[in-house]
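The values are calculated or read from the model by the stated rules, or taken from the named source; none is laboratory data. Since the model is a prediction, treat every value here as computed from it, not as a measurement. Quick reminder, even Gly has a Cβ in these numbers, built from the backbone with ideal geometry, and neighbours come from all protein chains shown.
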Amino acid sequence: MAEKSDFKIWEVFIRSKNGLSHKHVGSLHAPDADMAISNARDVYCRRSEGVSIWVVPSEQITATSPDEKEPLFTPSDDKIYRHPTFYEIPDEVGHM
Amino acid sequence: MGEEYSLEDRFQQYVEAENKVEPKDWMPEKYRQTVIRQMSQHAHSEVIGMQPEANWITRAPSLRSKLILLAKVQDEAGHGLYLYSATETLGITRDELINQLQTGKAKYSSIFNYPTVTWADMGAVGWLVDGAAIQNQVMLCRTSYGPYARAMVKICKEESFHQRQGYEIMMRLAAGTKEQKAMAQDALNRWWWPSLMMFGPSDDNSPNSAQSMKWRIKRKSNDTLRQEFVDKTVPQAEFIGLTIPDPDLKWNEERKSYDFGEMNWDEFYAVVKGNGPCNKQRIINHIKAHEEGAWVREAANAYAKKQQARKKQSAA
Ligand SMILES: [Fe+2]
Ligand SMILES: [Fe+2]
């Protein structure tokens, strides 16, 4: 008997309207991409939440691991000169 | 300085600072188990909750009410699916979750073990049962486990139509003939106490609750949520001329809240243990639907394989 576990897990991304990016909304099970799209429509778009859907097999996503958080993301923390507030410009100059 | 923090301590500080826990983050094993138990119980409740309402789809009194009821039941299926997929992020499979439900290892909300005997029950369920669920779910939008919190935000957006359509049914019946109003009152009489019990045992009898609050999984105590629900709902009943079936119900000016009577906890535990009016039937139906749907899953798999083979052939 075919069990659900034969179905892949797909991550679903939805663009709510043109001009905005696709945003992750959740996941679902489906045997292939076409059925993943139609399931995504039924599960995540019952109230015109979207104009475009992406589905990606979960296993195809490569992610950073939480253990790498420090080496990956902290080096940018001490580069405060990358932020506009680092520079003192007199008020008389106006908005810049 | 020099103080040693255990991973548990750091986790505790992290959630206390209102940070969210994401699937791959380190978490205490007990936290993982608690969130799996709570989310799956919640998912099962959404799914089993379709049965008492599906019971009335073919007998809805108008096309309008039939469309609404269909949409509501379909939403509950969606809620179950959002929650199952959020639960799977913690490393348990869908098959394991379904198996736990079907073998009675996992629980679902006891409220769905009561029968829906008249059309007015569709009103009372939407108004009171979805109403109580919303009270709980609004709190869960701030739960510490990220995927759970996000699923809740989406669910809450959809729930408010559920409660409003239920209240509308009650409002219409209450303003109808004598018989219709009596039907609405009867439904309120039967659903009131089970709805209050949806919030779970009182705080003194809810040992797991304290740890869940500490981990920020739960944000308000059972009794607090129950009181908020009563305070909101009593005026709604008064507005349509229905009477809450509680002789002890009384406004307390000092507390600015309603005092209400004691719940029948013997009944609560009997239903939790499986002796409610519909426990067996609900699970039998679920297993039957799952087994009868096996051919659909098989066909979908076969179709997917065929498509894949065709694509390969035409590429060759
Ligand atoms: Fe729901
Ligand atoms: Fe609902």
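Values for this structure:
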item	result
Residue in region B:258-299 that is nearest to the other protein chains (Cβ to nearest Cβ), counting only those that are free of Cβ contacts under 8 Å to residues at least 60 places away in the same chain and buried (at least 17 other Cβ atoms within 10 Å of the Cβ)	B:Arg297
Contacts under 9 angstrom Cβ, first residue in region B:69-90 being free of Cβ contacts under 8 Å to residues at least 40 places away in the same chain and within 11 Å of chain A (Cβ to nearest Cβ), partner within 13 Å of ligand 2 (Cβ to nearest atom) and β-branched (Val, Ile, Thr), 6 or more apart	B:Ala77/B:Val47; B:Gly80/B:Val47; B:Gly80/B:Ile48; B:Leu81/B:Val47
Any pair with Cβ under 7 angstrom, 6 or more apart, that starts in region A:61-73 at a residue that is modelled with pLDDT of 85 or more and ends at one that is of a type in the set (A, V, I, L, M)	A:Thr64/A:Leu72
Sole residue being farther than 27 Å from B:Val296 by Cβ and within 14 Å of another protein chain (Cβ to nearest Cβ), chosen from A:Lys8, A:Lys69, A:Lys17, A:Lys79	A:Lys69
Positions within region B:66-97 being small (Gly, Ala, Ser) and either away from ligand 2 (no atom under 16 Å from the Cβ) or under 13 Å from the mean Cα position of the chain (by Cα) (or both), in sequence order	B:Ala77, B:Gly78, B:Gly80, B:Ser85, B:Ala86, B:Gly91
Residue within region B:137-151 that is under 22 Å from B:Pro52 (Cα atoms), in contact (Cβ under 8 Å) with a residue 60 or more places away in the chain and away from ligand 1 (no atom under 12 Å from the Cβ) present	no
Evaluation of B:Arg142 against (1) closer than 30 Å to B:Glu18 by Cβ; (2) more than 14 Å from every other protein chain (Cβ to nearest Cβ); (3) surrounded by 17 or more Cβ atoms within 10 Å (Cβ to Cβ) (one fails), failing number	(3)
Filtered residue count, region B:91-138, keeping only those that are surrounded by fewer than 18 Cβ atoms within 10 Å (Cβ to Cβ) and over 17 Å from B:Gly80 (Cα atoms)	7
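To keep it simple, each residue is scored yes or no on (1) farther than 18 Å from B:Ala149 by Cβ; (2) surrounded by 14 or more Cβ atoms within 10 Å (Cβ to Cβ); (3) at pLDDT 95 or above; (4) touching a helix residue (DSSP H, G or I) at 6+ places or on another chain (Cβ under 7 Å).
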site: B:Leu7; (1), (2), (3), (4): yes, no, no, no
site: B:Gln13; (1), (2), (3), (4): yes, no, yes, no
site: B:Pro23; (1), (2), (3), (4): no, yes, no, yes
site: B:Gln33; (1), (2), (3), (4): yes, no, yes, no
site: B:Met39; (1), (2), (3), (4): no, yes, yes, yes
site: B:Gly49; (1), (2), (3), (4): yes, yes, yes, yes
site: B:Ile68; (1), (2), (3), (4): yes, yes, yes, yes
site: B:Gly78; (1), (2), (3), (4): no, yes, yes, yes
